[in-house]
1. Quick one: is Tyr88 in a helix (DSSP H, G or I) and either polar (S, T, N, Q) or within 12 Å of the chain's Cα centre (by Cα) (or both)?
2. (1) free of Cβ contacts under 8 Å to residues at least 40 places away in the same chain; (2) within 23 Å of Thr132 (Cβ to Cβ): which one isn't true of Ser94, the others all being true?
3. Give the stretch 15-37 a look and list any residue that's aliphatic (A, V, I, L, M), over 21 Å from the mean Cα position of the chain (by Cα), buried (at least 17 other Cβ atoms within 10 Å of the Cβ) and part of a helix (DSSP H, G or I), or say none.
4. On the basis of being out of contact with any Cys (no Cβ under 6 Å at 6 or more places or on another chain), assigned to a helix (DSSP H, G or I) and at pLDDT below 95, does Arg6 make the cut?
5. Kindly evaluate Glu138 against the criterion of being open to solvent by 50 Å² or more (accessible area, probe 1.4 Å), in contact with a Ser or Thr (Cβ under 7 Å, 6 or more places away or on another chain) and farther than 25 Å from Lys47 by Cβ.
6. Within the stretch 82-103, which residues are in contact with an Asp or Glu (Cβ under 9 Å, 6 or more places away or on another chain), open to solvent by 40 Å² or more (accessible area, probe 1.4 Å) and on the phi < 0 side of the Ramachandran plot?
7. For the stretch 113-126, state whether one or more residues are open to solvent by 70 Å² or more (accessible area, probe 1.4 Å), part of a helix (DSSP H, G or I) and out of contact with any helix residue (DSSP H, G or I) (no Cβ under 6 Å at 6 or more places or on another chain).
8. Please find, among Glu128, Glu140, the residue that is within 15 Å of Trp77 (Cβ to Cβ) and over 14 Å from the mean Cα position of the chain (by Cα).
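The values are calculated or read from the model by the stated rules, or taken from the named source; none is laboratory data. What you see is a predicted model, and the numbers here were worked out from it, not measured in a lab. Cβ sites come from the backbone with ideal geometry, for glycine too, and all protein chains shown count toward neighbours. Remember, those area values only see protein heavy atoms, side chains included, never the ligands or the DNA or RNA. Shrake-Rupley method; radii C 1.70, N 1.55, O 1.52, S 1.80 Å.
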Amino acid sequence: MARVQRMLDACAELLDEGGYSGLSTTRIAERAGVAIGSVYQFFPDKKAITQALVLRYLDMFSHRVAERLKNGGFDHWSEAVDVIIDEYLDMHRSVPGFRSLHFGDIVDVRLLDTSSDNNGVIAARLRELLTTVAGAEESERLDRAVTVAVEAADAVLKLAFRADPDGDPDLISEAKLMLRCYLGRHFA
């Protein structure tokens, strides 16, 4: 397990240094201080290592959001928009490799799960958190609203980071406002 974690950490560092195109299993093995055979023992190629890293990011993101939601004190679950976006922003700014990879779209839009696109997986995870932690009621309406919110946030946040490597604060504010208004209109 420790070797796998070192390989994932090495993958994250290399992504920050050279992006996905500069990534190779050989470079990951060298950076992690393991034999190339160790990499192939767990991962058939760089895409598989990247997938494992993205799944680690998703678990980290979910855990961080869940902790903040538990301590939130919200009048309504739709007020959790800022928490979710702020955790995404913090990971983008501080978690090695996340800035280059996000949740894997640059590699494959179905990297997290072959039966659903990455945003669909994220939306499902957020729906689960909103119903189990923040008190939202399960419904088709919630499913659709969270899916739309994730897609909209993804587009605007990508724009914010294209405009500014740290995320254009005005565009981030607009993303939060857009989602609060949208969700508030449907659920407040």
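1. Values: in a helix (DSSP H, G or I): yes; either polar (S, T, N, Q) or within 12 Å of the chain's Cα centre (by Cα) (or both): yes.
Criteria met by Tyr88.
2. Condition (2) is where Ser94 drops out.
3. Start the filter on the stretch 15-37 by keeping residues that are aliphatic (A, V, I, L, M), which leaves 15, 23, 28-29, 32, 34-36.
Checking the rest, the ones that are also over 21 Å from the mean Cα position of the chain (by Cα) come to 28-29, 32, 34-36.
If we keep only those that are buried (at least 17 other Cβ atoms within 10 Å of the Cβ) too, we end up with 28-29, 32, 34.
The answer is Ile28, Ala29, Ala32.
4. On the way: out of contact with any Cys (no Cβ under 6 Å at 6 or more places or on another chain): yes; assigned to a helix (DSSP H, G or I): yes; at pLDDT below 95: no.
Judged against the criteria, Arg6 is not a match.
5. Working: open to solvent by 50 Å² or more (accessible area, probe 1.4 Å): yes; in contact with a Ser or Thr (Cβ under 7 Å, 6 or more places away or on another chain): yes; farther than 25 Å from Lys47 by Cβ: yes.
When the stated conditions are applied, Glu138 passes them.
6. Arg93, Pro96, Arg99 - these are the residues of the stretch 82-103 that are in contact with an Asp or Glu (Cβ under 9 Å, 6 or more places away or on another chain), open to solvent by 40 Å² or more (accessible area, probe 1.4 Å) and on the phi < 0 side of the Ramachandran plot.
7. No.
8. Numbers: Glu140 fails: within 15 Å of Trp77 (Cβ to Cβ).
One residue alone meets the criteria, Glu128.
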